[in-house]
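Novice: Got a structure for you, questions after.
The values are calculated or read from the model by the stated rules, or taken from the named source; none is laboratory data. Computed from a predicted model, the values in this text were never measured in an experiment. Ideal geometry is used to build each Cβ from the backbone, glycine not excepted, and the neighbour counts take in all protein chains shown.
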Amino acid sequence: MSTAKITSKGQITIPIEIRTLLDLQNGDKVNFIVGDCGQVNFIPVTKNVTTLKGIIPKPEKAVSIEDMKNTIRAKGSQS
């Protein structure tokens, strides 16, 4: 576990081992997420949406909206 101290301006320095683990660089942004039990997590916001291009492959065949709706109905009725 790593510990950080809050300054009088409400700032903290993220420990080096955490910055290294998350590959955080100077100027990167993070989102803070508060859980139901008051636990706070932060998620790096280091990826530009254009860097995600190509991660999800194109489908082998095109599917219409109507086909999607029919599949959802069929799967939903099986539950």
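Novice: What's the total number of residues in region 21-55 that are closer than 18 Å to Ala4 by Cα, polar (S, T, N, Q) and either free of Cβ contacts under 8 Å to residues at least 12 places away in the same chain or not in a loop (DSSP other than H, G, I, E, B) (or both)?
Specialist: Residues that pass the stated criteria total 4.
Novice: Check region 29-37 and report whether any residue there is at positive phi and either touching a Cys at 6+ places or on another chain (Cβ under 6 Å) or not aliphatic (A, V, I, L, M) (or both).
Specialist: Within region 29-37, not a single residue is at positive phi and either touching a Cys at 6+ places or on another chain (Cβ under 6 Å) or not aliphatic (A, V, I, L, M) (or both).
Novice: For residues that are in a loop (DSSP other than H, G, I, E, B) and among the small types (Gly, Ala, Ser), tally how many sit in region 56-79. Can you show your working first?
Specialist: Here is the first cut: in region 56-79, the ones in a loop (DSSP other than H, G, I, E, B) are 56-64, 79.
Okay, now just the ones that are also among the small types (Gly, Ala, Ser), so 62, 64, 79.
Selection size over region 56-79: 3.
Novice: Next up: Scanning region 54-79 for residues that are at pLDDT below 85 and among the polar types (S, T, N, Q), which turns out surrounded by the fewest Cβ atoms within 10 Å (Cβ to Cβ)?
Specialist: Restricting to residues being at pLDDT below 85 and among the polar types (S, T, N, Q), the top hit is Ser79.
Novice: Test Gln11 against the criterion of being in a loop (DSSP other than H, G, I, E, B) and in contact (Cβ under 8 Å) with a residue 12 or more places away in the chain, and give yes or no.
Specialist: no
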